[in-house]
Amino acid sequence: MADNILNYSLADFHYNDNADVLSPPDDFNEWINNPKVKEVFSFFEQELLDAPRVSTEILSNLDGKKRHIINLTSYNYLGLSTHPEVIQAAVEAVQKYGLSSSGAPLLSGTLDIHTELASKIAAFKQKEDCLLYSSGFGGNVGAIQGIMRKGDFLVMDEKCHRSLVDGGTLSGAKMLFFAHNDMDSLQMMLEKCKGKRVLVVVEGVYSMDGDLAKMPEIVEICEQYKAGIYIDEAHSTLMFGENGRGVAEHFGVEDKVGITFGTMSKSFGGVGGFVCANKSLIKYLKGYSSPWNFSCAPSPAVSGGLIKALEVATRDSSLRDKMWENTRFMKKSLLAMNLDLGDTESQVIPIIIGASGEKLLKYAAGMQTRGLFLQPVDFPAVPAHARRFRMSVSSQLTQAEMDETLNIIEDVIVKGEKS
Amino acid sequence: MTKEKIIEVISQNIIENLDDLENETIDPMKSMKDYGANSLDMIEVVSCSMRELNIKVPRAELADIETIDQLADKFLAFAEA
């Protein structure tokens, strides 16, 4: 392993043959403690010393220095986590209810502000009811695990988030993966489970590529096969569609989508997840979705803040308009530099570097040293031939910050690729 | 270690990890997908086979492999290195 240590990744140490169950695999220890691998991992868990705004400060693991940076890695797309009205609402909620809900939602954890938030989210998403989860990951796991059973079929886009896959594994349903956004492949998978209970699972915006699910075609094929549709709008809620309801609204197919999921940690600026569907399915989920009925209900501060975040983001379109204006500018400028942005159609803009992990890390270090916090995304999170940076464009970006960002990218990545 | 032995181990793991293949003969020129494997099944088959053969090929080097035969070649090259 020592002569090709950087070819190994976290994908290679999942199985553990160590006789001591309290220890990781022996070769994992050898790998993770190798100086070259340590250098790779130094990019992770760097501390932010201030709020995750575009303009913030980090304690750099590269040289141990505090550094003021332009942060294009946090997914605070609309800047709501630090919006003054949202903070005020969170403060008022914590003053009234304290830090914790102190109970599972079924027994004692449901506060009036949870009911208000769920009801407002359901109305916003134009669904009959909504279930709130303390974690976005838990929401996807819980919804899939709560609905699907052994003998059922989940037909998922191969780029679906880990939370959806884990929910599928836990449910016991048979999982079939179709090639990303490939309608022939989707149809082929649906042929394999004709006559069964089938749920097709897609994402509004795919989180590592920024492209959109082909909803009009997906809806048409699912109707043909009588399959239900579950859409994860984690990276699209409050941003896509005329009213910000997401990619299903953008394509005008909301009434054809049975279950819509979203996170509270991205555009909403809080933390948690929600699932919206018809009343009877939500009622059923309350009995069978373990991350809901065996977790403490969401924190009062977060829930109070989220009610205000929804109001701020939907009372007019100014925040998402600004986010889109910034996204268009960044995309156009990056394309003018001949960078490979994949098929992005959203505020998630990948800059695809290719197969070289060493180049990826060299550029990441170069940009951070210049004041741009754009984190590398390496295999196995993305394919080994398409290692990348993933830029999250925010409404908070000023023109000066965008210009500086582009200068740094040109100096580090564009010039690096030419040398 | 021979290529035949490697193919035998991979084929056995395909049969054990996938549904309805008990009486199938695995054709090495096909891919695991042809036998109904999803990405999680493929990780399972590859991991079980590598453990049995006592080799460890980085996953990043398996990305372009399409057929069982190509996988066996990769395993063999690694075992001989």
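The values are calculated or read from the model by the stated rules, or taken from the named source; none is laboratory data. Keep in mind that this is a model prediction, so the values were computed, not measured. Don't worry about glycine lacking a Cβ; one is built from the backbone with ideal geometry, like all the others, and counts go over all protein chains shown.
Assorted remarks:
- In the stretch A:7-24, the residue that is nearest to the other protein chains (Cβ to nearest Cβ) out of those that are over 30 Å from the mean Cα position of the chain (by Cα) and of a type in the set (S, T, N, Q) is A:ASN18.
- Within the stretch B:13-57, the set of residues being away from chain A (no Cβ under 12 Å) and among the hydrophobic types (A, V, I, L, M, F, W, C) comprises B:ILE14, B:ILE15, B:LEU21, B:ILE26, B:MET29, B:MET32, B:VAL45, B:LEU53.
- Residues in the stretch A:63-121 that are aromatic (Phe, Trp, Tyr) and either in contact with a His (Cβ under 9 Å, 6 or more places away or on another chain) or at positive phi (or both): A:TYR75, A:TYR77.
- From B:SER47, B:SER11, B:SER39, B:SER31, residue being out of contact with any helix residue (DSSP H, G or I) (no Cβ under 6 Å at 6 or more places or on another chain), surrounded by 19 or more Cβ atoms within 10 Å (Cβ to Cβ) and either without any contact (Cβ under 8 Å) to a residue 12 or more places away in the chain or more than 28 Å from A:ILE5 (Cβ to Cβ) (or both): B:SER11
To keep it simple, each residue is scored yes or no on (1) crowded, with 16+ Cβ neighbours inside 10 Å; (2) not small (Gly, Ala, Ser).
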{"position": "A:ASN33", "(1), (2)": "no, yes"}
{"position": "A:PHE43", "(1), (2)": "yes, yes"}
{"position": "A:GLN46", "(1), (2)": "yes, yes"}
{"position": "A:ILE58", "(1), (2)": "yes, yes"}
{"position": "A:VAL86", "(1), (2)": "yes, yes"}
{"position": "A:SER108", "(1), (2)": "no, no"}
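- When B:SER47 is tested against the conditions (1) over 21 Å from A:LEU176 (Cβ atoms); (2) touching a Phe, Trp or Tyr at 6+ places or on another chain (Cβ under 6 Å), the lone failure is (1).
- Among the criteria (1) under 27 Å from B:GLU44 (Cβ atoms); (2) touching a Ser or Thr at 6+ places or on another chain (Cβ under 6 Å); (3) more than 14 Å from every other protein chain (Cβ to nearest Cβ), the one A:VAL54 does not fulfil is (1).
- On the stretch given as the stretch A:360-396, residues that are in a loop (DSSP other than H, G, I, E, B), surrounded by fewer than 23 Cβ atoms within 10 Å (Cβ to Cβ) and aliphatic (A, V, I, L, M) total 4.
- Residue match in the stretch A:118-126 (condition: farther than 19 Å from A:CYS296 by Cβ, buried (at least 24 other Cβ atoms within 10 Å of the Cβ), in contact with a helix residue (DSSP H, G or I) (Cβ under 9 Å, 6 or more places away or on another chain) and within 14 Å of another protein chain (Cβ to nearest Cβ)): no
- Candidates A:LEU339, A:LEU334 - the one that is in contact with a helix residue (DSSP H, G or I) (Cβ under 8 Å, 6 or more places away or on another chain) and crowded, with 22+ Cβ neighbours inside 10 Å: A:LEU334
- With respect to (1) touching a strand residue (DSSP E or B) at 6+ places or on another chain (Cβ under 7 Å); (2) surrounded by fewer than 23 Cβ atoms within 10 Å (Cβ to Cβ); (3) of a type outside the set (D, E, K, R), the lone exception for A:ALA143 is condition (2).
- Considering A:TYR97, A:TYR77, the condition of being in contact (Cβ under 8 Å) with a residue 24 or more places away in the chain and either of a type in the set (A, V, I, L, M, F, W, C) or closer than 26 Å to A:SER395 by Cα (or both) is satisfied by A:TYR77 alone.
- Filter pass, A:GLU404 being under 27 Å from A:LEU78 (Cα atoms) and either at pLDDT below 95 or among the acidic types (Asp, Glu) (or both): yes
- Residues in the stretch A:374-398 that are in contact (Cβ under 8 Å) with a residue 40 or more places away in the chain and touching a helix residue (DSSP H, G or I) at 6+ places or on another chain (Cβ under 8 Å): A:LEU374, A:GLN375, A:PRO376, A:ASP378, A:PHE379, A:PRO380, A:ARG388, A:MET391, A:VAL393, A:SER394, A:SER395, A:LEU397.
- Residues in the stretch A:342-359 that are within 14 Å of chain B (Cβ to nearest Cβ) and surrounded by fewer than 18 Cβ atoms within 10 Å (Cβ to Cβ): A:GLY354, A:ALA355, A:SER356, A:GLU358.
- Contact map, the stretch B:58-76: first residue closer than 19 Å to A:PHE13 by Cα and within 13 Å of another protein chain (Cβ to nearest Cβ), second residue buried (at least 21 other Cβ atoms within 10 Å of the Cβ) and not β-branched (Val, Ile, Thr), Cβ cut-off under 7 Å, separation 6 or more or different chains; pairs are B:PRO58/A:TYR8; B:PRO58/A:ASP12; B:ARG59/A:ASP12; B:ALA60/A:PHE379; B:ALA60/A:ALA384; B:ALA63/A:ALA384.
- Among the residues of the stretch A:326-354, those that are farther than 16 Å from A:HIS235 by Cβ and in a strand (DSSP E or B) comprise A:ILE351, A:ILE352, A:ILE353, A:GLY354.
- Hey, A:ARG67 outside the structural domain of A:CYS296 (by TED's automatic domain parsing), in contact with a strand residue (DSSP E or B) (Cβ under 8 Å, 6 or more places away or on another chain), part of a strand (DSSP E or B) and in contact (Cβ under 8 Å) with a residue 60 or more places away in the chain or not: yes
- Residue match in the stretch A:25-46 (condition: within 14 Å of chain B (Cβ to nearest Cβ) and part of a loop (DSSP other than H, G, I, E, B)): yes
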